[in-house]
1. Please pick out the residue among VAL284, VAL252, VAL297, VAL290 that is within 14 Å of GLN323 (Cα to Cα), open to solvent by less than 70 Å² (accessible area, probe 1.4 Å) and in contact with a Phe, Trp or Tyr (Cβ under 6 Å, 6 or more places away or on another chain).
2. Which of the residues that make up segment 86-130 are of a type in the set (A, V, I, L, M) and touching a Lys or Arg at 6+ places or on another chain (Cβ under 8 Å)?
3. Here is a list: SER74, SER36. Which entry is hydroxyl-bearing (Ser, Thr, Tyr), modelled with pLDDT under 85, touching a Leu at 6+ places or on another chain (Cβ under 8 Å) and open to solvent by less than 60 Å² (accessible area, probe 1.4 Å)?
4. Name the one entry in LYS244, LYS253, LYS310 that is at pLDDT below 80 and of a type in the set (D, E, K, R).
5. May I ask you to say which residue of ASP149, ASP179 is free of Cβ contacts under 8 Å to residues at least 40 places away in the same chain, assigned to a loop (DSSP other than H, G, I, E, B) and open to solvent by 90 Å² or more (accessible area, probe 1.4 Å)?
6. Among the strands (runs of 3 or more DSSP E) confined wholly to segment 1-119, which include 2 or more residues that are aliphatic (A, V, I, L, M)?
7. For residues in segment 258-269 being touching a residue at least 24 places away in the same chain (Cβ under 8 Å) and surrounded by fewer than 14 Cβ atoms within 10 Å (Cβ to Cβ), which is farthest from VAL104 (Cα to Cα)?
8. Only one of VAL193, VAL201 is assigned to a strand (DSSP E or B), touching a residue at least 24 places away in the same chain (Cβ under 8 Å) and open to solvent by less than 70 Å² (accessible area, probe 1.4 Å); which?
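The values are calculated or read from the model by the stated rules, or taken from the named source; none is laboratory data. The structure displayed is predicted, hence computed values, not measured ones. Quick reminder, even Gly has a Cβ in these numbers, built from the backbone with ideal geometry, and neighbours come from all protein chains shown. For the accessible areas, the whole protein counts, side chains as well, though only heavy atoms, and no ligand, DNA or RNA atoms are used. Shrake-Rupley method; radii C 1.70, N 1.55, O 1.52, S 1.80 Å.
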Amino acid sequence: TWAELVLKFNPTSTNTGPNRLFFIHCLQNLPHIPFSKTEGKFVMRCTMAESKKETMRVEGNGTLEVTIAQFWSSLGSTDVEAEVYFFGVVPETSSLFLSTVSPVATTHVQSGPGPVLVKPSGALKTCRSTVRPASSAIRPGGERDLYMDQKRVYELILDYNFKAEEDGNLTLQAWLLNDRLYESIFESQLLQVYDSNKKLVAAMDAWPTPTKFKKGDYVARLQVRHDDVALLERLKHLPLGIDKPLAREIPVKAYGSYSQALTGGADFVQSQPGGVRTALFFAVPFDEKVDAKPGDVLLGTVSYGEPVPKAAGKHSRGGFTVQ
């Protein structure tokens, strides 16, 4: 589901200067999702008597707040008309799952509230592997880790061994702890990576980003802190995820019937009015070769209509996925 914000700038007698600079902030209040993942920020530089359009992802059945502000250096008043149009192609499930046992995934989508172009597309982009801790230890903190009521903070140290098969970017992440900072039940987390010479080569926190590694062996050390030892004990076998971008994205195509998905028929494209329910069948080429090991998972994204709203970087709340 997405929203199109259209601003129309009209000339007035008080206009001074050739153009105007506006800042637009859009926000949805969604349960258990931080504002950083539900907001859209745009900058528009407009001359008089013209229209500008921006698109952002939204969720159905939620209020959207739109704030428009003229920049301080744009002198004079401006007559602005704002219009918001809502479109959507909503699937019955947010994730698709493909496997050698079930090479075709079926889902139903519903368009609304207005007419929309249903044009599904997807791609597998990432290979994810997991490793278990090679060692774990819980120990008390130092003198500075003692509260006024004499409550002590403890730290859990988990060591993971992994190997970079070639030079390239890897993203290391502890999924259970990701994307949480002030609202996290644990006091803090820190992930440090050391090479075979015990040199620190990378460090990351709740929002891991891709890091370039050279070919070789590495040790990732995760530190989690809390004053309750029992909670730390629950994390002693926490797996670590290692994401590697695929050298070539694998297309995931959509078809209008199960038979077309098996035979590789024409891609599904259809314009339809709001409120129409449609069945889609997703599949990847059966002869596709992938450089992955047993236990690895291929991850990607799926979109169902056009346009496709842009993601919001590390603060993106995701979208529709396929694996």
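1. On the way: VAL284 fails: in contact with a Phe, Trp or Tyr (Cβ under 6 Å, 6 or more places away or on another chain); VAL297 fails: in contact with a Phe, Trp or Tyr (Cβ under 6 Å, 6 or more places away or on another chain); VAL290 fails: in contact with a Phe, Trp or Tyr (Cβ under 6 Å, 6 or more places away or on another chain).
After applying the criteria, what remains is VAL252.
2. Matches in segment 86-130: VAL109 only.
3. On the way: SER36 fails: touching a Leu at 6+ places or on another chain (Cβ under 8 Å).
Just one listed residue meets the conditions, SER74.
4. LYS310
5. On the way: ASP179 fails: open to solvent by 90 Å² or more (accessible area, probe 1.4 Å).
None of the other options fit; the residue is ASP149.
6. Filter on segment 1-119 gives 2-10, 19-28, 39-47, 64-70, 79-87, 89-91, 104-111.
7. Here the residue is VAL269.
8. On the way: VAL201 fails: touching a residue at least 24 places away in the same chain (Cβ under 8 Å).
Being assigned to a strand (DSSP E or B), touching a residue at least 24 places away in the same chain (Cβ under 8 Å) and open to solvent by less than 70 Å² (accessible area, probe 1.4 Å) holds for just one of VAL193, VAL201, which is VAL193.
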